[in-house]
Amino acid sequence: MSALYNALIGPLLEQWRRATRVPARMKPATAGLGLALGGGFARGFAHIGVLEELEANHIPVSCIAGTSVGSILGAAYASGLPLARIRDVCGNIRLKDFSRWRVSRMGLSSNDRMASLIRRCFGALTFEEMRIPLAVVTTDLSTGEPIVFTRGDVIEPIRASCAFPGLFEPVTIGAHCLADGGLVAPVPTRAAAALGPRHVLGVDVGFNNWNSQAPANIFQVISRSISIAQKHRNPSWERFADVMISPDVQHVEWDAFDRAEQVIAAGRQAMRAALPRMRELLHLTQFVPPQTSPVAA
């Protein structure tokens, strides 16, 4: 009987539990601030500093859209994971914790280890369970169009959004062959705006350090080529943001995960400089009550 329960009844009950347990906070984001968190690998730790500064000033976050590293950090926060825990995990993470080298026709490695990291750390594993409405942006390699996920399982969409071409193999979801969302939305402001907040804050941490030096490896060749193409086209995604901030992290290499504290501090500094404009947009003349903070300690 126990074997039957483990094989059939248990999984069905778990699916029913997840389908029926929709948090009260999972409502249309009609108030507060929508965040659009861009990609940039280790530079994305700056997003933690941005969130810390928003929490310290009790500015409510009503929804989050993420691309690449912005998707995993945004989802961690939206799932209810306290910022202290996110900071602790990021301070100890290394490339091997979410990447596995296996050269194939589609990429140099797989990011399948990211799945176990998400299961181990997140407070929710579906979009419906998130404490803050969430959107994850990916790129369809067949059409060149964005595919935005807001429903169902979060793990595979996040893996896809973080699948930087050449470095990681694409992720297949349904009929779609998906890669890094930064190809179509370096900062996913449009996806954030579609969630319905009154105002959108975009956080751009960038992929490259334009230091006039030639690229030193294949990853830099690919990432700079993509960024050059983006640099010389109209950045239409910027028009969906009320405020854009760019933490000073351009000197940090993409894989410098050991510099987390420095990058987090840069995020806090950039957000602190934007606070007057945020309060003006949100009509905050003083701090809002702490109980509106979406994440419990």
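The values are calculated or read from the model by the stated rules, or taken from the named source; none is laboratory data. Bear in mind that the values here come from a model prediction, so they are computed numbers and not experimental data. Because the Cβ atoms are built from the backbone with ideal geometry, glycine has one as well, and the counts that use them run over all protein chains shown. Ligands, DNA and RNA are stripped out before the accessible areas are found, and what is left, the full protein with its side chains, is counted by its heavy atoms. Shrake-Rupley method; radii C 1.70, N 1.55, O 1.52, S 1.80 Å.
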The size of the Cβ-based charge dipole (Lys, Arg +1; Asp, Glu -1) of segment 119-178 about the Cα centre, to the nearest 20 debye, is 260
Using a 1.4 Å probe on the protein chains only, how many percent of the accessible area of segment 53-164 belongs to carbon and sulfur? 53
In nm, give the distance between the simple-model label positions of ARG198 and ASP258, each being 7 Å from the Cα along the Cα-to-Cβ direction. 4.6
Rounded accessible area per residue of segment 55-172, 1.4 Å, Å²: 38
What ranking of PHE122, PHE240, PHE164 comes out by heavy-atom accessible area, probe 1.4 Å, highest first? PHE240, PHE122, PHE164
At 1.4 Å probe size, what's the solvent-accessible area of MET106? Round to the nearest 10 Å². 110
Cβ neighbours within 10 Å, averaged per peptide: list 258-267, 193-202, 166-175 in order, most packed at the top. 193-202, 258-267, 166-175
Plugging the Cβ-Cβ distance of ARG239 and SER104 into 1/(1 + (r/R0)^6) at R0 = 30 Å yields, to the nearest 0.05, a FRET efficiency of 0.20
What number comes out for the charge environment of GLY39, summing +1 per Lys or Arg and -1 per Asp or Glu over other residues with Cβ under 13 Å away? -1
